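Values in this text are rule-based calculations from the coordinates and carry no lab data. Computed from a predicted structure; not experimentally measured. Note that each Cβ is placed from the backbone with ideal geometry, even for glycine, and that neighbours are counted across all protein chains shown.
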Amino acid sequence: MFDQFRNKFPVTDEKWIEYTNYFNRIEVASKITLLEEGEISKKLFVIEKGCIRVWFNHNGKDLTSQFFFENQSVSSIESFMKKFPSPVFIETIEPSVLWWIHKEDVDTIIEEIKEIPELRDRLINMLFQRTFDYMKHFFSFLKDSPAQRYLSLIEEKPQIVQRVPQHYIASYLGVSTVHLSRIKSKLLQNK
């Protein structure tokens, strides 16, 4: 699993083996909750195979905020880094093969690599990318129509449209499943 990342991390082979040994492999079915809202996140997951969604409950309504696929990492970053209660649920959409690492082990690695500028910068970029994705999604609700959000989704993240059930996509776009069906029908008519 981790061989594809090896050339991106300038550490000794011994350290690489030590760091990758912190990870634990699990196989889980679809619709498994990996983290519940209100829990303190103590695990970071890397997806070998499968799809995960991050969602929250708003007055009894399930709202999806992000999707994650192979070779991506996921946790409730705010909870994981600052030990706050998680504002979100993390749930598998497909049967998944995951690698997880405990917060204490991540802290150990961060403490050791923070003096290596290239690794520190990679970590910072990863965190900023997640923040950028959140902000882009948030701003799309302010400036784009649901149809524009759907078209952007098709263009920028086609794997979501190909692999994620429609009711989760509708939740992610902030529309009902009926409205999403209308958007799709209208787009087909305009082709």
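Numbers for the structure displayed
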read-out: Spatially proximal lysines relative to residue 136 (Cα-Cα < 20 Å; intrachain offsets below 8 disregarded); value: 157
read-out: Under 20 Å from the residue 14 label point (7 Å along Cα→beta-carbon), backbone N, region 97-132; value: 108-116
read-out: Cα point-scatterer Debye curve for region 80-191, base-10 log of I(q)/I(0) at q = 0.10, 0.12, 0.18, 0.21 Å⁻¹; value: -0.46, -0.63, -1.09, -1.26
read-out: Viscosity 0.692 mPa s, 37 °C: Kirkwood-radius Stokes-Einstein D of region 1-81 over Cα pairs, µm²/s; value: 223 µm²/s
read-out: Chain lengthening between residue 59 and residue 84 when straightened (0.36 nm per residue, less Cα-Cα); value: 6.9 nm
read-out: Using a Förster distance of 41 Å, the FRET efficiency for residue 40-residue 190 (Cβ separation, nearest 0.05); value: 0.30
read-out: Long-range tail of P(r) for region 145-191 (Cα pairs > 14 Å, %); value: 45 percent
read-out: Qualifying lysines (Cα of each under 21 Å from Cα of residue 15; at least 8 residues distant if same chain); value: 43, 103, 114
read-out: Stokes-Einstein D (µm²/s) once Rh is taken as the Kirkwood radius of region 3-143 over alpha-carbon pairs, at 4 °C in 1.567 mPa s; value: 80 µm²/s
